[in-house]
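Derivation of every value follows stated rules applied to the coordinates shown; laboratory data play no part. Just so you know, these numbers come straight off a predicted model, no measurement behind them. A quick note on method: Cβ atoms are made from the backbone with ideal geometry, for glycine too, and the neighbour counts reach across all protein chains shown.
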Amino acid sequence: MNTTFVVKMLRKKTHHFLTISILIMVISLTMLNFMVSYISNQYQMINKDFMNNNNVKVIHVTGTENGESTTQISLQDTNEINNLLKEEGVSDKAKAYPVYTLPTVYRDSMATAYSMIGISEELAPLVSEGCTLKDGHICVGDTKAGKLTLNVPIIEEKDGGFSSTESADVELTAEHGATNENAIFIHSIPKNNQAYVNEKVAEKLTEMMYQKSQNSPEYIKESQLSNLVVYVKDIKDVDAVGKLLKDNHYFTSYTFNSFENFSINISTNQMILLVLCVFLVVTSIVTAVLLMINFLRIQKKEIAILKLIGYKSEMIVTIYTKLLYILFRNIFLYTLVIYLLNFFFKLIPVSLSFLGIIVLLDFMILLVTLAFVYVFGIKKICRMDTIELLKKGKEFE
């Protein structure tokens, strides 16, 4: 028997409930697509601006409180903070690093000045993705990668001040990508060429600069200390580490300093978005399954007629499976076209970058819906006895 012909006939003889069901499913999937696009965009923005943004994971420590007086930060505080983090069991979540500011060096015969910053090699990602700060490297922003010759001043102390009449050339490998605005400094200086080296290179440059100084290397190193930064690996721990430092009388400055439990709230918001998205998907599947099963119940008379004219249960199962497959395929295409029309005509703001997610999600929802309807609707109803199919209808009466 020709099942394809029957499928065509059933499609032409469409019950009004099926038309309404298809319309509801198209509207439901379309609204879901808009919501998923919006939620995905919000989720992506939270990741970009907070979860994966190193700037919000850095706590700047600028001083300490001793009774009624305040003192500047010192190198000893680096060890004390790291010991404190270890005692509190968060040493694997955060670590303190010193930041050094060296005297200005020059390039191209004194034509270009660099403000030299010395930091740990572990902090290279905070400066730029292209910086490694390996030994013999310098991260800059105004030149291409390659060899770079620096003119390093030899500093002399005269009349309580500093001067330089000599210099030495130092060749380093330049890494491009340094910016004036990054997590190392809270404030940037406009039109200032900042260059970054690791602590070993900074120490070598310092020894070269102050080779004629009468001060001890320890004193010079301490005087170059700008501040300490505490890098927290996970955004959820920023508030806790910040509070720990404050409770131990350290002056801190960080993005969430003025907000209560901001990092926890960000993580909570991200979780809410995920839960909402899952809820919408489940709701769409349940709605579609109930609509299609109800449609099959309305089709009991047609199924009984097919059985009376000689169609076997397995053939009727195939007929209605094909019918729902065609309907779901059309629903999928309708929702996709509506999404693309909204993108091109800007009726409702949606993002084309999430089109792949939308296509995969709609396909999954319709496939899962078809599977549930097949198991709990088509197979169950199409295999019912003819008398049972008719006993609730007017024909049986």
### Task
Please list the non-local residues whose amide H lies under 5 Å from the amide H of ALA178, H modeled 1.01 Å from N, same-chain partners needing a gap of 5 or more.
VAL140, GLY141
### Summary
Note, the stretch 31-42: 3J(HN,Hα) by Karplus (6.51, -1.76, 1.60, θ = phi - 60°), whole Hz, Gly/Pro = x, goes 5, 4, 4, 5, 5, 5, 4, 5, 5, 4, 5, 5
### Query
How about the stretch 23-99: which GluC sites (Glu not before Pro) there lie in a loop by DSSP and see at most 10 other Cβ atoms within 10 Å?
GLU68
### Query
Which residue, chosen from SER74, SER37, VAL61, occupies the Cα position most advanced towards the positive end of the dipole of the stretch 32-114, where the dipole is computed from +1 (Lys, Arg) and -1 (Asp, Glu) charges on Cβ about the Cα centre?
SER37
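Rounded, prolate or oblate: which fits the stretch 45-137 when a ≥ b ≥ c are the square roots of the eigenvalues of the alpha-carbon gyration tensor, with rounded for a/c under 1.5 and prolate only if a/b beats b/c?
Numbers: a/c = 2.08, a/b = 1.30, b/c = 1.61.
Oblate shape, in that a/c is at least 1.5 and b/c is the bigger or equal ratio.
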#### Entry: Simple spin-label estimate for ASP234 and LYS391 in nanometres, 7 Å along Cα-Cβ
5.9
## Note on the structure
For the chain, the dipole about the Cα centre with charges only on Cβ (Lys and Arg +1, Asp and Glu -1), to the nearest 20 debye, works out at 4320
### Query
Of LEU85, LEU296, LEU347, which has the largest mean-square fluctuation in a 10 Å C-alpha GNM of the chain?
LEU347
### Query
All other residues with a Cβ under 11 Å from the Cβ of LEU133 taken together, and with Lys, Arg as +1 and Asp, Glu as -1, what is their net charge?
-3
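Note down the magnitude of the dipole of the stretch 103-223 about its Cα centre, charges +1 on Lys and Arg C-beta and -1 on Asp and Glu C-beta and zero elsewhere, to the nearest 20 debye.
About 260 debye.
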### Task
Compute the Rg to Rh ratio over the stretch 103-223 from the alpha carbon atoms, using the Kirkwood formula for Rh, and round to two decimal places.
0.96
### Query
Using the Kirkwood formula over every pair of different C-alpha atoms, what hydrodynamic radius in Å results for the stretch 1-83?
19.8
### Query
Going toward the positive end of the dipole of the chain, with +1 on Lys and Arg Cβ and -1 on Asp and Glu Cβ, which of PHE344, VAL275, VAL289 do you reach last?
VAL289
### Query
Out of THR78, THR252, THR283, any idea which swings most in a Gaussian network model of the chain, alpha carbons joined below 10 Å?
THR283
### Query
Relative contact order (percent) for the chain, with alpha-carbon contacts under 8 angstrom and 6 or more residues of separation?
23
### Task
Find the centroid of the Cα atoms in the stretch 198-228 and in the stretch 329-376, then give the distance between the two in whole Å.
62
### Task
As a check on your grasp of the helix formula, calculate [θ] at 222 nm for the chain: sum -39500 (n - 2.57) over DSSP H runs of n ≥ 4, divide by the residue count, round to the nearest 500.
-16000 deg cm²/dmol
### Task
Give me the distance in nm between label points sitting 7 Å out from Cα along the Cα-to-Cβ direction at ALA113 and LYS191, one decimal.
1.2
### Query
Can you list the cysteines of the chain that have no other Cys Cβ under 4.7 Å away?
CYS277, CYS382
### Summary
Of all stretches in the chain that avoid chymotrypsin sites (Phe, Trp or Tyr not before Pro) placed in a DSSP loop and having at most 13 other Cβ atoms within 10 Å, the longest is 1-258
### Summary
Applied in sequence order to the stretch 200-215, the curve 6.51 cos²θ - 1.76 cosθ + 1.60 (Karplus, θ = phi - 60°) yields integer Hz couplings, x standing for Gly and Pro, of 5, 5, 4, 5, 5, 5, 5, 4, 5, 5, 9, 5, 9, 6, 8, 6
### Message
Please give the charge dipole size of the stretch 28-92, origin at the Cα centre, charges +1 on K and R Cβ atoms and -1 on D and E Cβ atoms. Round to the nearest 20 debye.
### Response
540
### Task
Could you pull out the trypsin sites (Lys or Arg not before Pro) across the stretch 291-371 that fall in loop regions by DSSP (anything but H, G, I, E, B) with no more than 13 other Cβ atoms inside 10 Å?
LYS312, LYS346
### ³J(HN,Hα) computed for each position of the stretch 231-239 - Karplus, 6.51 cos²θ - 1.76 cosθ + 1.60, integer Hz, glycine/proline x
8, 9, 5, 10, 4, 5, 9, 4, 4
### Query
Roughly what would the spin-label model give for GLU157 and THR71, points 7 Å off Cα along C-beta, in nm?
2.1
### Query
Projected onto the charge dipole of the chain (+1 at Lys/Arg Cβ, -1 at Asp/Glu Cβ, origin at the Cα centre), which of THR173, ILE326, LEU367 gives the Cα projection farthest towards the positive end?
ILE326
